[in-house]
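Worksheet: one structure, shown below.
The values are calculated or read from the model by the stated rules, or taken from the named source; none is laboratory data. Keep in mind it's a predicted model, so treat the numbers as computed, not measured. All Cβ positions, glycine included, derive from the backbone under ideal geometry; neighbour counts span all protein chains shown.
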Amino acid sequence: MDGALVSIIVPVYNVAPYLERCLDSIRAQTYPNLEVLLVNDGSDDASAYICRAYERADSRFRLIDKSNTGVSDSRNKALDQAQGRFLQFADGDDWLTPDATERFLHAAESTGGDLVVSHFYRVAGERMVSRGHIRGSGVLTRREYAEQMMKAPANYYYGVLWNKFYRRSIVEAARLRFDPQASWGEDFLFNLEYIERTRLVALVDKPLYYYFKRGGSLVGSQANLRRTVRMKTDTFAYYKKLYQKLDLYDEQKAGIYRYLLSAAMDGAVPPLAPKLGDDE
């Protein structure tokens, strides 16, 4: 590895009981060349105090303090300031394996992958299980990855940010950002836009992230109906655009429609959004 700087983005909102575990796991990474952007989204607990303590103790940590405008805006603020060649995301109530960044970076640089995707651990109480979808390591073309994704479009493996590793040059060339008005599937919309601009996807079949399932998390609130319907419509449009570009739409449209139909009939936020529902 060539010492590339990696930017780890952590949105923080009222996660004081869990935050030190998350930040300790980042400080303990075997790959050291990091900048850690902590975005405090107007927390009213001790979260900001904890972030400041880590900022004082480790020069790689930087706190961005702002009013409560939501997780998408928090991530956008961090993207505007990120300097790393690669981007990695974590939530303040989750944590990383010690070798997560090192393995992500090795996979990206050894394969030329524009996106790296890993398995992860799902933690609920005392129960912890490994989750993923595509078996084995290696590299897929964008088309091959899209074909796999359509087999389980609502799986966390594809929808979330935190089991993935991104090239910042791709994000910035297209000015990819999160929709601050989104309340459903904002991570997945970002991923669909990013995938459209990739050539190769590298796979890591080892879990590199601990997703802690709890209530009252970053996206745990129900959106108003109009906004949710708009986001579901936008998701369908992004799906259609991606699969048309890959000449896969006619082949996969039945699956796309089945997924969107099930989402439309579900009054709640379906399991593409992190921290809600199951990953299967």
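Structure notes:
Every residue, every condition in (1) surrounded by 19 or more Cβ atoms within 10 Å (Cβ to Cβ); (2) more than 27 Å from Leu37 (Cα to Cα), yes or no:
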residue	(1), (2)
Gln81	no, no
Ala107	yes, no
Phe120	yes, no
His133	no, yes
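- Residues satisfying the stated conditions in the range 118-145, i.e. touching a residue at least 60 places away in the same chain (Cβ under 8 Å), assigned to a helix (DSSP H, G or I) and within 26 Å of Ser7 (Cα to Cα): Arg142
- Annotation for the range 149-159: no member residue is in contact with a strand residue (DSSP E or B) (Cβ under 8 Å, 6 or more places away or on another chain), over 23 Å from Lys213 (Cα atoms) and touching a residue at least 60 places away in the same chain (Cβ under 8 Å).
- Residues that are touching a residue at least 60 places away in the same chain (Cβ under 8 Å) and surrounded by fewer than 23 Cβ atoms within 10 Å (Cβ to Cβ), drawn from the range 182-194: Ser183, Tyr194
- Taking the listed residues Lys213, Lys206, the one that is under 17 Å from Gly132 (Cβ atoms) and at pLDDT below 90 is Lys213, with no other qualifying.
- A single entry from Phe178, Phe104, Phe165 fulfils the requirement of being out of contact with any helix residue (DSSP H, G or I) (no Cβ under 7 Å at 6 or more places or on another chain) and either touching a residue at least 12 places away in the same chain (Cβ under 8 Å) or in a helix (DSSP H, G or I) (or both): Phe104.
- Looking across the range 53-79 at every residue that is out of contact with any Gly (no Cβ under 9 Å at 6 or more places or on another chain) and outside any helix (DSSP H, G or I), the one that is surrounded by the fewest Cβ atoms within 10 Å (Cβ to Cβ) is identified as Ser59.
- Residue satisfying condition, being at pLDDT 95 or above, at negative phi, part of a helix (DSSP H, G or I) and in contact with a Cys (Cβ under 8 Å, 6 or more places away or on another chain), within set Leu38, Leu19: Leu19
- Which listed residue is under 30 Å from Lys151 (Cβ atoms) and touching a helix residue (DSSP H, G or I) at 6+ places or on another chain (Cβ under 9 Å), from Asp58, Asp41, Asp45, Asp94: Asp94
- The residue of the range 146-193 that is farthest from Leu79 (Cα to Cα), among those that are among the basic types (Lys, Arg) and modelled with pLDDT of 95 or more, is Lys164.
- Candidates Thr141, Thr111 - the one that is polar (S, T, N, Q) and over 23 Å from Gln29 (Cβ atoms): Thr141
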